[in-house]
Amino acid sequence: MKRDFLAINDYTKTHLEELLNLALSLKKEYFAQGNLPLLKGKVLGMVFNKPSLRTRISFDMAMRHLGGDALFISPSEIGLGKRESIADVARVLAGYVSGIMARVFEHEHVVELARWSSVPVINGLSDYNHPCQAFADVFTIFEHFGTLDDLNVAYVGDGNNVALSLLHACARLGVNFTIASPEEYDIKPSTWSEAEEESRKNGCSIKQLRIPQDAVVDADVVYTDTWTSMGQEEESKKREKLFPPYQVNSTLLKLAKPTTMVMHCLPAHRGQEITNEVADGPQSLLFIQAHNRLHAQKAILVDLLGEK
Ligand code: CP
Ligand code: NVA
């Protein structure tokens, strides 16, 4: 039966751990002698309803490094759900490509694609979540610290799609997670209670706070993202007034440990959610993190599209 990757919770803890190890070995192999053509003859159709640098190029390059190919499909070409129904697009596309990766506004659209597609569908970001980002992020944390045990991740800012998938990944993999966000910008209560149950099972804690200073004190990783996500542009003025206390700057970082690392999914809005001195400073993992999208996604692709 075909599988999809629409949310971190689609995969068990064991499966995610296996994928982390696979990502690590594919990264080593790539830098040693190049990857084996595990996806020879496979093509990933990439549907983008929003802009992208990292997701688009890293998926494209991941397919090429593994002997396959990728096809970029712009919103104006297929008009997902506008020119043609999502169900029809999914059924037609599945006859041409080996897998579909889609970046959409409404999460239901990627779910609908997966429902009708006979080939695997990967969620390349929706308004609800960003599982490929979170998987690459836990990979970066695992690689940097050499373990995921006894680590504290503090997310400072908007409880958005990136925060939600990071919460899912931490809760499932046993990493302590704290979020500091302003009122009304919390992670959805239903998601939070599911994650609480998951974190109890996996022996870690999750906390929701308002004060960023309180969140970062014990943090091994301080994570932030844009205050205004794609599709929320008309709220940006309101958000720019509300979010400045949640800026990740050197004053905030000094409250954490000297070994604390800073992460951001990018694109960064320097001077807003993160300052230059932090983004470019010695505690920044930002570019390693961006490059790891390539290696982490290779593991996701080999797992979904490779020969069993
Ligand atoms: N982090 C991330 O998904 O970046 P892009 O929007 O450039 O793909
Ligand atoms: N939260 C951001 C992430 C971009 C990769 C957005 O959805 O725009």
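The numbers here are math on the coordinates, done by the rules we state, and not lab data. The model shown is predicted, which means the values in this text are computed figures rather than measured ones. Cβ sites come from the backbone with ideal geometry, for glycine too, and all protein chains shown count toward neighbours.
Computed over the chain with a Gaussian network model linking Cα atoms closer than 10 Å, the most mobile of 52, 284, 98 is 52. Given the pairs 50/188; 207/254; 201/254; 188/241; 50/241, which are separated by over 29 angstrom at their Cα positions? Violating the 29 Å limit, Cα to Cα: 201/254. With distances taken between every two different alpha-carbon atoms, the range 45-152 has a Kirkwood hydrodynamic radius of 14.8 Å. Take the Cβ atoms of residue 25 and residue 57, set R0 to 30 Å, and the FRET efficiency comes out at 0.85.
For the range 268-285, backbone phi angles converted through the Karplus equation (6.51, -1.76, 1.60; θ = phi - 60°) give residue-by-residue couplings of 8, 10, 5, x, 9, 6, 8, 9, 4, 4, 7, 4, 9, x, x, 9, 8, 10 Hz, Gly and Pro being listed as x.
Packing-based ranking of 174-180, 237-243 yields 174-180, 237-243, ordered from highest to lowest mean Cβ neighbour count within 10 Å. The trypsin sites (Lys or Arg not before Pro) of the range 52-89 meeting both criteria, a DSSP state outside H, G, I, E and B (loop) and at most 15 other C-beta atoms within 10 angstrom of the site's C-beta, are 82, 83. Fraction of C-alpha pairs exceeding 21 angstrom in the range 207-276: 25 percent, rounded to a whole number. The sum of -39500 (n - 2.57) across all DSSP H runs of n ≥ 4, divided by the residue count of the chain, sets its helix-only mean residue ellipticity at 222 nm to -13000 deg cm²/dmol. A dipole drawn for the range 1-124 from +1 and -1 charges on Cβ atoms has a positive end, and of 25, 92, 79 the residue lying farthest that way is 25.
Determine which lysines satisfy two conditions relative to residue 308: a Cα distance under 25 Å, and not lying fewer than 8 residues away in the same chain. Result set, ordered by chain and number: 2, 13, 27, 28, 40, 42, 298.
Database remark: amide H of residue 178 closer than 5 angstrom to the amide H of 153, 154, 155, 207 (H placed geometrically; neighbours at sequence offset of 5 or more, or on other chains; Pro and chain starts carry no H). Among 146-156, 220-230, sorting by the average number of other beta carbon atoms lying within 10 angstrom of each residue, highest first, gives 220-230, 146-156.
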